[in-house]
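Contents: one structure, followed by commentary.
The values are calculated or read from the model by the stated rules, or taken from the named source; none is laboratory data. The model shown is predicted, which means the values in this text are computed figures rather than measured ones. Positions of Cβ are backbone-derived with ideal geometry, glycine not excepted, and every protein chain shown enters the neighbour counts. The protein model used for the area step is the full one, side chains on, heavy atoms only, and it has no ligands, DNA or RNA in it. Shrake-Rupley method; radii C 1.70, N 1.55, O 1.52, S 1.80 Å.
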Amino acid sequence: MTIATRAATVADMPLIAALIRGLAEYEGLSHAVRMDEAVLERHLFGPRPMAEVLIGELNDQPSGFALFFHNFSTFEGHPGVWLEDLFVVPSARRSGLGRKLLGEVARIAVERGCARMEWSVLDWNMMAINFYRSLGARPLTDWTTMRLDADSLAQLGANEAVSSA
């Protein structure tokens, strides 16, 4: 069995979109996927990429991905990495591919001088939580993730634009 990772290219867009849909299906969130592949392509491979993708391969077959981007810690005074998605297709789970993808993102973070790597995991996904803990990750129990999206984001931005004028 061979396990490998590689940086995604624009030619991988159909694969990336399929893996994102596979992740959404696994999480029971297929209804929440509004991704437009052309827009995603621009954000991943355009003139100002907003995120990076690694493709994980098991026996030369694409079987997973990791999508990540940089954030910044003011307390650390260094950049960090936010792992937005890590997904391995069911048939490739327990092969070591998830660990390989996560390890490659960690290697990139260290190489780039990042102070930490963070991500979210659904509370019900005990298999993932146990996997992450086995690697030395710890849950941040004193933080609550907050989100503005769609209408709330637009409304706040519009209100700020008016008050700044």
Q: Could you figure out which of (1) under 17 Å from the mean Cα position of the chain (by Cα); (2) at positive phi isn't true of Gly77?
A: (1)
Q) In segment 136-148, how many are more than 18 Å from the chain's Cα centre (by Cα), open to solvent by less than 100 Å² (accessible area, probe 1.4 Å) and either β-branched (Val, Ile, Thr) or closer than 23 Å to Val88 by Cβ (or both)? A) 1
Q: Specify the residue that is surrounded by the fewest Cβ atoms within 10 Å (Cβ to Cβ); the eligible residues are those in segment 3-29 that are among the β-branched types (Val, Ile, Thr) and in a strand (DSSP E or B).
A: Ile3
Q. Any idea which of Glu76, Glu84 is within 18 Å of Glu27 (Cβ to Cβ) and in contact (Cβ under 8 Å) with a residue 24 or more places away in the chain?
A. Glu84
(Q) Filter segment 121-136 down to the residues that are of a type in the set (A, V, I, L, M, F, W, C) and either without any contact (Cβ under 8 Å) to a residue 12 or more places away in the chain or within 16 Å of Gly28 (Cα to Cα) (or both) and list them by number. (A) Val121, Leu122, Trp124, Met126, Met127, Ala128, Ile129
Q) Of all residues in segment 112-135 being farther than 18 Å from Glu76 by Cβ and part of a loop (DSSP other than H, G, I, E, B), which is least open to solvent (accessible area, probe 1.4 Å)? A) Asn125
